[in-house]
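These notes concern the structure reproduced below.
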Amino acid sequence: MSNETASAARTLTLRILRHNPQDPASEPRWARYELEEYEGMTLFIALNEIRERFEPSLQFDFVCRAGICGSCGMVVNGRPGLACRTLTSTLPSEITLAPLPAFKLIGDLSVDTGQWMRGMSERLETWIHEQAETDLHALEERMEPELAEQIYELDRCIECGCCIAACGTARMREDFVGAVGLNKLARFRLDPHNARTDADLYELIGDDDGVFGCMTLLGCHDVCPKELPLQTQIAFLRRKMVTVS
Amino acid sequence: MKKSLLPARLDLAQSITGLVLAVFMAFHLIFDSSILLGAGAFAFVSGALECELFFGEKIPLITTAVVIVIFAIFIAHAGLAMRKFPQNAAQYRTMRSHMKEMRHGDTSLWWLQIWTGFAMFFLASVHLYIMMTQPQTIGPAGSAYRIVFEWKWPLYLVLTIAVVLHAAVGLYRLALKWGWFEGQNPNRRRKTLKKAVWIVTVVYLTMSLAALGAFIHIGLTGQDHFGNAVEGIAR
């Protein structure tokens, strides 16, 4: 009997941390739901089934259902991950779900990562800083395909917030920029359109809220649903920022 | 106003002092473990390190000078590393619950470093101060006497475990922190490095604890484990 067939027969128990901060009477509590597992079931499917069959008020986020939008990040059995990318067959029959910490709770499993990401983006100015005005009528400057691929590799970040929730430093120190911010700077540093120097980047991340705050716990690297090379990018930025000093 | 360069320098200094201490300990524990080859071997090594071969007699001042330098680096490293400790009860609680929930290897290794480092603030300071002020007592008899009759064995037992774990994990984390030995496949290399950490830990712990046992044997019996008499152990 294959593992998938074996797991299809299971009854899953989902323990979900429920709380509505908009309701003054709401207290955080664990709610239990039981579901029959079937082949190919993801946490996203399971949550929809719970909402349809048992609990219409259950709040959780999703858009793409394909690991692209980064909306369905949550803590699954203690580890951050995407609900849509997590097959229930990879988990034990009792599954605990909680909202991502470090972000503003909207309700139940839904958090506002957007507010945090916007703050980080504005602080690090995560966009191309050009020296000259862009001529929209001119052909874009050429780039080697290898370089474009390197940039694309880092550009795959979907800002799901899993790296922040998995980071001990970010959990302890809320001003820490986290792997998502450092990865973005590494991405723009590669870009030939970008005019910012390492000295400019030092002004943004050359302190304990930036790259020197990273304690190399590597929770970010190990939970990233897009498997971004966060470990090597943070080490690279650290070397560059020390060279600036 | 330009951002201070101090954070970069402190981060680098923490790594350099840690690296120096880890390398020092790697040699220190090997020299200590020469007792496993017998009292004569340890006497030769301790004599050689104090330039006995060159001057015809041991120069304990050399040990004092080396310990002063190591003590200074140790204090600097402790001070620099403390910056990363949880700074208040809320941070401590958050980190502890985060670690328990995540069950993530490298996060737990960091926690281990915090506690082994904290223990060494006290244990290593006692050891360093004694070595700095009484270098003339280092030798098969003097060291065995200190370990058994001056009750240093409990201190050395805990200190040995703490320092081996702290140094091995520290070297692994240092490599990842600065991106050393990443190779073509950093994920695979990380697994290899982690395996190396545990091999180094087991080898050094076995060797160092056996050496501690050998000193205790000398203290209790007046002879090394090969049966050679060790003179000068008087209660």
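The values are calculated or read from the model by the stated rules, or taken from the named source; none is laboratory data. Predicted model, so just to flag it, every value in this text is computed and none were measured. Reconstructed Cβ throughout: ideal geometry from the backbone, glycine too, with neighbour counts over all protein chains shown. Heavy atoms of the whole protein, side chains included, go into the accessibility calculation; ligands, DNA and RNA do not. Shrake-Rupley method; radii C 1.70, N 1.55, O 1.52, S 1.80 Å.
Annotations for the structure displayed:
- Against the rule of thumb 2.2 N^0.38 Å, how large the Cα Rg of the protein assembly as shown comes out: 1.22
- Shape parameters for the range B:16-100, alpha-carbon atoms, Rg then Dmax in Å: 19.2, 59
- Per-residue shielding of B:85-92, expressed as the average number of other chain Cβ atoms within 10 Å of the residue Cβ, stands at 2.
- Look at the alpha carbon pairs under 8 Å that are at least 6 residues apart: their mean separation over the length of chain B gives a relative contact order of 28 percent.
- For A:Asp135, the solvent-accessible surface computed with a 1.4 Å probe is close to 90 Å², ligands and nucleic acids excluded.
- Relative to the longest principal axis of the Cα atoms of chain B, the long axis of helix B:89-102 makes an angle of roughly 90 degrees.
- Residue-averaged beta-carbon neighbours from other chains (10 angstrom radius) around A:165-172: 6
- With 5 Å bins from 0: P(r) over the range A:121-245, alpha-carbon pairs, percent: 2, 11, 21, 22, 20, 12, 6, 4, 1, 0
- Links that overshoot a 30 Å alpha carbon limit, given the list A:Lys184/B:Lys2; A:Lys226/B:Lys2; A:Lys184/B:Lys191; A:Lys104/A:Lys240; B:Lys3/B:Lys100: A:Lys226/B:Lys2; A:Lys104/A:Lys240; B:Lys3/B:Lys100
- Cα-based radius of gyration for the range B:13-221, normalised by 2.2 N^0.38 Å, reads 1.12.
- Expected 222 nm ellipticity per residue - DSSP helices of 4 or more, -39500 (n - 2.57), all of the protein assembly as shown, to 500: -18000 deg cm²/dmol
- Along its principal axes, the range B:122-173 has C-alpha extents of 37, 20, 19 angstrom, given from the largest down.
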